[in-house]
1. As a check on your grasp of the helix formula, calculate [θ] at 222 nm for the chain: sum -39500 (n - 2.57) over DSSP H runs of n ≥ 4, divide by the residue count, round to the nearest 500.
2. By count of other Cβ within 10 Å, fewest leading, how are 152, 114 ordered?
3. Could you pull out which residues in segment 1-35 have an amide N less than 17 Å from a spot 7 Å beyond the Cα of residue 45, following the Cα-Cβ vector?
4. Which residues does the label zone of residue 37 cover in segment 71-88, counting backbone N under 17 Å from a point 7 Å along Cα→Cβ?
5. In whole Hz, what ³J(HN,Hα) sequence does segment 128-143 give by Karplus (6.51, -1.76, 1.60; θ = phi - 60°), x for Gly and Pro?
6. Find which of 91, 141, 109 sits farthest along the positive direction of the dipole of segment 80-153, computed with +1 on the beta-carbon of Lys and Arg, -1 on that of Asp and Glu, about the Cα centre.
7. Run down the lysines and flag those whose C-alpha is under 17 Å from the C-alpha of residue 17, throwing out any fewer than 8 positions away in its chain.
8. Residue 7 to residue 108: extension gain in nm, 0.36 nm per residue of separation minus the Cα-Cα distance?
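Bear in mind these aren't lab numbers, they're just calculated from the coordinates by the rules spelled out. Bear in mind that the values here come from a model prediction, so they are computed numbers and not experimental data. Don't worry about glycine lacking a Cβ; one is built from the backbone with ideal geometry, like all the others, and counts go over all protein chains shown.
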Amino acid sequence: MMTRQHKVEEVAAISDKLGKSKATFLVDFKGLNVEEVTTLRKKLQPIDTEMKVVRNTLAKRALKDFPEVESFWSEQLVGTNALVFSYEDPSAAAKVLSEFGKEAEELQMKSGVMDGKGMNADQVKYLATLPGKDELRAQLLAVFSAPMSKFMGQLEAAPASFVRVLNAYKETKGE
């Protein structure tokens, strides 16, 4: 049984994590065994994401500090819930949850909150299709380097084409 002090600390911890996270997802994990939950947590850890099983009453108390989130989640906090806090890349966390949900059908995505705005399960699944931060950086780098590499290709093409013309001239004179 939780003591009153322990409950107060738990509410403060949930509130702190909600404040730090860039996105938070609400999932129903009913039907998952301990091994599956552990596997999911291990998949979330490298992307700076944390899953915390919460009591609904304590989560509702922690949401009092976040009125925009509270209004969105107040009806959804029923059953067996876990909050998934994404501190770095929300789309990467959504991808892991979506992929794991395909493997373990018991994991149900309920909703999410990003930048203080609520997202339903379909919006979270769409977020999972977006490229992650590293992929976006690679794409941006490719866009920045494309003009220079094309320019260098053009600079190399002029002497190469001149050499081909000279070689063709030499072959016609050699015959």
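1. Theoretical 222 nm ellipticity from helices: -20000 deg cm²/dmol.
2. Details: 152 10, 114 19.
With the sparsest Cβ surroundings first, the list reads 152, 114.
3. 34-35, by backbone N distance to the label point.
4. It comes to 78-85, nothing else.
5. Karplus values, whole Hz, x for Gly and Pro: 5, 7, 6, x, x, 4, 5, 5, 5, 5, 5, 5, 5, 4, 5, 5.
6. So the residue furthest toward the plus end is 141.
7. Qualifying lysines at Cα under 17 Å: 7, 52, 60, 64, 117.
8. On the way: separation 101, 0.36 × 101 = 36.36 nm, distance 2.64 nm.
Gain in length upon complete extension: 33.7 nm.
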